[in-house]
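**Student:** Once you've had a glance at the structure underneath, I'll fire off some questions.
The values are calculated or read from the model by the stated rules, or taken from the named source; none is laboratory data. This is a predicted model, so every value here is computed, not measured. Glycine gets a Cβ as well: all are built from the backbone with ideal geometry, and neighbour counts include every protein chain shown.
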Amino acid sequence: MDKADALLNEITQNLEAGEVVPYLGPGMLDIVPGGSPVPNSPEALVQGLVAKVSVPHKIRGNLTAAAQFIENFKHRKSVVHLMEEAFRPDVEPAPLHRYLAGLTKEPLLIVDAWYDNAMTHALQPRRLWGQVQGISQAEHLGAWTHYFRKDGAQGDAFEADTWPVILYKPLGSIFPAKNFLVSDSDYVEVLTEIDIQTPIPEAVQQLRTGRHFLFLGCRFRTQLERTFARQIMKRSSDRHWAVLPGELSRNEARFLKEQNIKRLDMPLDVFQDLLIGAQTMEPVAVAG
């Protein structure tokens, strides 16, 4: 058995045993059937925003700064409207979304750090589950999260303790209430408190304890990406995995080493097929 097979077996066994927290990033949209109808990266999202609202050239490639400029000079409602337009289309779940939604060991925690609704659709066949979303202090001063039932009706933290499956959307989501953490000020508020875990809901803190994380469709190039992952992983196990193809930046390599994340250097669609047995693939290289 080569290293790739050994890691895949290890991941599969831990997923089926309920010992893993899948952590999804925008790259999951690269494998949805027919291509993604919504932005599949921060770069794609900011390109869409600045195509509709003029922002200074020096921040046209910076999502949080561009969103902050629009918020300052247009209004927060303009940011929400643009985000709603960008993520309004329904996203058909990929087979990997459906595989994760069908994991049988409960309680199950899935972290989804992007704004689309693909994972929401994948979870719908389950009888009972709920969603916890990060919310903007600009719109909900004094609160960090909102809770939603399967049908989109509002729940609460006490109810979340009874949900067998929790979908945690730390950046917010298009569904059901159009909550978005996207501007500089949104993140400043959260990052001021995240080291002491205040913005992370208690139910999430409980479910992550001692578990492994599996990062899918994520990059760790920016400090924001690394900080959210690091803080959400806090007090979990000491062994994790990431499907992370291509060349790593120096910061990414340092982050993987620091967090003891074993890297599978393969495209996400290849990992998907290997994991769910869709077809036989050629051996692939694994770094780590």
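**Student:** When you go through Val32, Val79 one by one, which is the residue that is touching a helix residue (DSSP H, G or I) at 6+ places or on another chain (Cβ under 7 Å) and under 30 Å from Leu108 (Cβ atoms)?
**Tutor:** Selected residue: Val32, the only one of Val32, Val79 that is touching a helix residue (DSSP H, G or I) at 6+ places or on another chain (Cβ under 7 Å) and under 30 Å from Leu108 (Cβ atoms).
**Student:** Anything in the stretch 240-264 that is part of a loop (DSSP other than H, G, I, E, B) and exposed (fewer than 15 other Cβ atoms within 10 Å of the Cβ)? List them, or say none.
**Tutor:** Gly246, Glu247, Ser249, Asn260
**Student:** Let me ask another. May I ask you to list pairs of residues, at least six apart or on different chains, whose Cβ atoms are under 9 Å apart, with the first in the stretch 199-215 being more than 18 Å from Asp161 (Cα to Cα) and assigned by TED's automatic domain parsing to the domain that holds Leu264 and the second being in a helix (DSSP H, G or I) and of a type in the set (Val, Ile, Thr)?
**Tutor:** His212/Ile11; Phe213/Ile232; Leu214/Ile11
**Student:** Could you tell me which residue of the stretch 1-55 is surrounded by the fewest Cβ atoms within 10 Å (Cβ to Cβ), considering only residues that are part of a loop (DSSP other than H, G, I, E, B) and without any contact (Cβ under 8 Å) to a residue 12 or more places away in the chain?
**Tutor:** We begin by selecting, within the stretch 1-55, every residue part of a loop (DSSP other than H, G, I, E, B); these are 1-2, 17-19, 25, 32-41, 53-55.
Pick out the ones that are also without any contact (Cβ under 8 Å) to a residue 12 or more places away in the chain and you get 1, 35, 54.
Numbers: Met1: 7, Gly35: 10, Ser54: 11.
Once the filter is applied, the top-ranked residue is Met1.
**Student:** How about the stretch 56-87: which of its residues are surrounded by 15 or more Cβ atoms within 10 Å (Cβ to Cβ), touching a Phe, Trp or Tyr at 6+ places or on another chain (Cβ under 9 Å) and under 20 Å from Gly172 (Cα atoms)? Don't jump to the end; show me each part of the working.
**Tutor:** Taking the stretch 56-87 as the starting set, the residues that turn out to be surrounded by 15 or more Cβ atoms within 10 Å (Cβ to Cβ) are 59-60, 62-71, 76, 78-83, 86-87.
Okay, now just the ones that are also touching a Phe, Trp or Tyr at 6+ places or on another chain (Cβ under 9 Å), so 59, 64, 67, 79-80, 83, 86-87.
Thr64, Ala67, Val79, Val80, Met83, Ala86, Phe87, listed by residue number.
**Student:** Sticking with this structure for a sec: Among the residues of the stretch 128-172, which ones are modelled with pLDDT of 95 or more, in contact with a helix residue (DSSP H, G or I) (Cβ under 7 Å, 6 or more places away or on another chain), assigned to a loop (DSSP other than H, G, I, E, B) and of a type in the set (A, V, I, L, M, F, W, C)?
**Tutor:** Passing the criteria: only Trp129.
The rows are residues; the columns are (1) modelled with pLDDT of 95 or more; (2) farther than 23 Å from Ala229 by Cα; (3) among the aromatic types (Phe, Trp, Tyr).
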{"position": "Asn251", "(1), (2), (3)": "yes, no, no"}
{"position": "Arg254", "(1), (2), (3)": "yes, no, no"}
{"position": "Glu258", "(1), (2), (3)": "yes, no, no"}
{"position": "Ile261", "(1), (2), (3)": "yes, no, no"}
{"position": "Pro267", "(1), (2), (3)": "yes, no, no"}
{"position": "Ile276", "(1), (2), (3)": "no, yes, no"}
{"position": "Gln279", "(1), (2), (3)": "no, yes, no"}
{"position": "Pro283", "(1), (2), (3)": "no, yes, no"}
{"position": "Val286", "(1), (2), (3)": "no, no, no"}
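**Student:** Take the conditions without any contact (Cβ under 8 Å) to a residue 24 or more places away in the chain, of a type in the set (A, V, I, L, M, F, W, C) and outside any loop (DSSP other than H, G, I, E, B) and apply them to Ala66. Does it pass?
**Tutor:** yes
**Student:** Would you pick out the residues in the stretch 149-175 that are free of Cβ contacts under 8 Å to residues at least 40 places away in the same chain and either farther than 20 Å from Leu100 by Cα or out of contact with any Phe, Trp or Tyr (no Cβ under 8 Å at 6 or more places or on another chain) (or both)?
**Tutor:** In the first step, residues of the stretch 149-175 are kept if they are free of Cβ contacts under 8 Å to residues at least 40 places away in the same chain; the result is 149-156, 158-159, 162.
Within the stretch 149-175, Arg149, Asp151, Gly152, Ala153, Gln154, Gly155, Asp156, Phe158, Glu159, Thr162 qualify.
**Student:** Taking the condition outside the structural domain of Arg60 (by TED's automatic domain parsing), out of contact with any helix residue (DSSP H, G or I) (no Cβ under 6 Å at 6 or more places or on another chain) and over 19 Å from Ala66 (Cβ atoms), does Arg235 pass?
**Tutor:** yes
**Student:** Still on this model: Are any residues in the stretch 71-93 among the aliphatic types (A, V, I, L, M), in contact (Cβ under 8 Å) with a residue 60 or more places away in the chain and not in a loop (DSSP other than H, G, I, E, B), and if so, which ones?
**Tutor:** Passing the criteria: Val79, Val80, Met83.
**Student:** What's the number of the only condition in (1) surrounded by 15 or more Cβ atoms within 10 Å (Cβ to Cβ); (2) farther than 20 Å from Ala66 by Cβ; (3) modelled with pLDDT under 95 that Glu189 fails to meet?
**Tutor:** Here Glu189 meets the rest and fails (2).
**Student:** Kindly list the number of the only condition in (1) part of a helix (DSSP H, G or I); (2) assigned by TED's automatic domain parsing to the domain that holds Pro245; (3) over 22 Å from Glu225 (Cβ atoms) that fails for Leu96.
**Tutor:** (3)
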